[in-house]
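Trainee: Starting off with a structure, shown below.
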């Protein structure tokens, strides 16, 4: 089980009791707009909590002062062995620095504890908040990828978007976060 503390947050594993807090962002149209999912149903959220509660690469960001889950953050490994960061936060807590704080803590954990040497991130080019977060964390934009598809429309046709691909290596992270 993971427990990473920052000044204002605790990053930890999912719990069944987090359902109501997680529903506030995973069922939110604004959050799903740039994601590979549509607003989730209660059953989909319960399934994710069940599937992710024992995974140390899938964490929630809990606000220490209120003991409220305000976001999800984690990483995964793609088919080529690259480690990739992802995150979703409750829009009610935007522009507070919580996502930056959570991202710095997760990256520090990935680089220092796990021993990962580089991390990737990507986002829809229209998702300005997301690419600005990656840049605040020290990621360097390395490529624009056009005609990407992460989900289909209601008729089953792929929704094509353009994404920015970012990279952050351990030495750059250390220099950036001194």
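Trainee: Would you work out the relative contact order for the chain, in percent, from Cα pairs under 8 angstrom that are 6 or more residues apart? Working shown, then result.
Mentor: On the way: 299 pairs, mean separation 32.4, N = 178.
That works out to 18 percent.
Trainee: Follow-up. Could you work out which residue, out of 150, 38, 109, moves most in a Gaussian network model of the chain, that is, has the largest mean-square fluctuation with Cα springs under 10 Å?
Mentor: Among 150, 38, 109, the largest mean-square fluctuation in the Gaussian network model of the chain belongs to 150.
Trainee: So which residue, out of 51, 88, 122, gets the largest mean-square fluctuation from a GNM of the chain using Cα contacts under 10 Å as springs?
Mentor: 51
Trainee: Please check: in the Gaussian network model of the chain (C-alpha springs, under 10 Å), which one of 134, 160, 11 has the largest mean-square fluctuation.
Mentor: Looking only at 134, 160, 11, the biggest GNM fluctuation is shown by 160.
Trainee: Restricting to Cα pairs below 8 Å that are 6+ residues apart, what does the relative contact order work out to for the range 1-87? Please round to a whole percent.
Mentor: Values: 134 pairs, mean separation 25.5, N = 87.
With pairs under 8 Å counted, the relative contact order is 29 percent.
Trainee: Per the Kirkwood definition applied to all pairs of different Cα atoms, how many angstroms is the hydrodynamic radius of the range 60-174?
Mentor: After inverting the mean inverse Cα-Cα distance, the result is 15.2 Å.
Any read-out appearing in this document is the output of simple, stated calculations on the displayed coordinates, not a laboratory observation. Here the structure is a predicted model, which is why all the values come from computation and not from measurement.
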